[in-house]
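Peer 1: One structure, pasted below without further comment.
Coordinate-derived values only; no laboratory data. The shown structure was predicted, so the numbers you read here are calculated from the model rather than taken from an experiment. Note: ideal-geometry Cβ built from the backbone for every residue, glycine included; neighbour counts use all protein chains shown.
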Amino acid sequence: MTGRIEEIIEGIWVSIEEKMNRGAYTDKRIYQRLDLERETDIRLGFVKPDGVRELLVQLSPTDKTDFFPPKWVGMKSEIILMDAPERGTRHIRLFMDKPEHREVFTVVCSDIIDTLLKVVKPEHRTIQLLACMEKWGRFFQKHGIEGLSNEAQRGLYGELYWLYRLLTAGMDRNKAMESWMGCRRAYHDFEHNGKIIEVKTTISKEPRRVRINNEKQLDDRGFAKLTLYVLTLDPTQTGGQRLPDLVKNIRSVLSGFNDARDIFELCLQDAGYLDLHDSLYDMGYNVRKEETFKVMDGFPRIIDLPSGTGDISYSLVLSACQQFIADPASVISEFIKGESLG
């Protein structure tokens, strides 16, 4: 529903701004109530002369929750009194003071509205609003407001490429989505029935290598099986598959499967991906090589550290792993069915 809300509120803001610019209103602030399936007690406003868009959330007289919102770049908030629907009604005002961040503000506001629509008791609104803002605060603290770095794009591309392989190989869509752990910043990227897939991408020439970020990533102890999945990519500005193209393909596969689609959208957000940044992700990728390696005794890795050490990272040279290579199609089948190939 969030996508539809984005369109609705963007349309309202554009309409308000056009009226203001035509001189139809002389007040400093103009606002319009947001009417959806039911009364929302939410208003969208526009303030001159700075051209600031705002979201106004009406507070219930019974809502006594203290409002101490998290602080993050660009977003500001305050409690104001408005003469709507009656004189002196308290509203939480949210606004973003930089015009270049309008698209981000629209996305955040649509998520806030979607969250508030699910609140049954009006006095619980502030708590849910704060929780939603806290979530977005963590998002921008982790990923920033300008989109994913080139390295982060490649990492997400690799995880989504494996996910797409699972979906097109016939894995149950909900199970496939629930297996994606990397978006949640877990140690491993995918887990299903005790089987682990660690995804890595590389654009290096020979000797090709991948970066192992910590000692847990290739530690198979406590799991039925751990496999290293490596995509060797050739970046290109004139062709190949872009990250947004892969996202679009997965959404197409999930079309009609609402639960799986909802999980996917939440995972994308957790991974730092927002559609509004699509135009920035103009790098395409050609898959030069797809490899899977069984991680077991003898595999080159660091899993046991001396007492008092940790947070280790290292490069793994793929030519040293060739004796552990496995057929990708067989690994995918094993992962989906939960069967051991020995």
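Peer 1: Which of the following residues is among the charged types (D, E, K, R) and under 25 Å from residue 120 (Cβ atoms): 87, 29, 43?
Peer 2: It is 43.
Peer 1: Exactly one of these conditions fails for residue 320: (1) part of a helix (DSSP H, G or I); (2) within 28 Å of the chain's Cα centre (by Cα). Give me its number.
Peer 2: For residue 320, the failing item is (2).
Peer 1: Also: When you scan region 44-79, how many residues do you find that are in contact with a strand residue (DSSP E or B) (Cβ under 9 Å, 6 or more places away or on another chain) and hydroxyl-bearing (Ser, Thr, Tyr)?
Peer 2: Residues in region 44-79 being in contact with a strand residue (DSSP E or B) (Cβ under 9 Å, 6 or more places away or on another chain) and hydroxyl-bearing (Ser, Thr, Tyr): 2 in total.
Peer 1: Only one residue in 324, 299 is in contact with a Cys (Cβ under 8 Å, 6 or more places away or on another chain) and either surrounded by 15 or more Cβ atoms within 10 Å (Cβ to Cβ) or in contact (Cβ under 8 Å) with a residue 40 or more places away in the chain (or both), so which one is that?
Peer 2: None of the others qualify; the one that does is 299.
Peer 1: Still on this structure, please answer the following. Considering only residues that are of a type in the set (Asp, Glu) and free of Cβ contacts under 8 Å to residues at least 24 places away in the same chain, which ones fall in region 76-116?
Peer 2: Of everything in region 76-116, those that are of a type in the set (Asp, Glu) and free of Cβ contacts under 8 Å to residues at least 24 places away in the same chain turn out to be 78, 83, 86, 100.
Peer 1: Report those strands (runs of 3 or more DSSP E) wholly inside region 154-269 carrying at least 1 residues which are surrounded by fewer than 14 Cβ atoms within 10 Å (Cβ to Cβ).
Peer 2: The strands (runs of 3 or more DSSP E) meeting that bar are 225-236.
Peer 1: Return the pairs, sorted by first residue and then second, in which the second residue is among the hydroxyl-bearing types (Ser, Thr, Tyr), the first residue lies in region 158-187 and is under 13 Å from residue 199 (Cα atoms), the beta carbons are less than 6 Å apart, and the residues are 6+ apart or on different chains.
Peer 2: Here the result reads 158/201; 162/229, each pair linking region 158-187 to a residue that is among the hydroxyl-bearing types (Ser, Thr, Tyr).
Peer 1: Pull up region 37-55, narrow it to residues that are hydrophobic (A, V, I, L, M, F, W, C) and in contact with a helix residue (DSSP H, G or I) (Cβ under 7 Å, 6 or more places away or on another chain), then point me to the one that is surrounded by the most Cβ atoms within 10 Å (Cβ to Cβ).
Peer 2: 55
Peer 1: Select from region 139-153 the residues that are assigned to a helix (DSSP H, G or I) and surrounded by 13 or more Cβ atoms within 10 Å (Cβ to Cβ) and list them in ascending order.
Peer 2: Within region 139-153, 139, 140, 143, 152, 153 meet the criteria.
Peer 1: Take residue 112 and decide whether it is aliphatic (A, V, I, L, M), assigned to a loop (DSSP other than H, G, I, E, B) and under 17 Å from the mean Cα position of the chain (by Cα).
Peer 2: no
Peer 1: What about residue 235, is it without any contact (Cβ under 8 Å) to a residue 40 or more places away in the chain and more than 16 Å from residue 167 (Cβ to Cβ)?
Peer 2: No: the conditions fail for residue 235.
Peer 1: Do we find that residue 287 is among the hydrophobic types (A, V, I, L, M, F, W, C), outside any loop (DSSP other than H, G, I, E, B) and in contact with a Ser or Thr (Cβ under 6 Å, 6 or more places away or on another chain) in this structure?
Peer 2: no
Residue by residue, here is whether (1) surrounded by 15 or more Cβ atoms within 10 Å (Cβ to Cβ); (2) touching a residue at least 12 places away in the same chain (Cβ under 8 Å); (3) not hydrophobic (A, V, I, L, M, F, W, C) holds:
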position	(1), (2), (3)
24	no, no, no
31	yes, yes, yes
57	yes, yes, no
60	yes, yes, yes
69	yes, yes, yes
74	yes, yes, yes
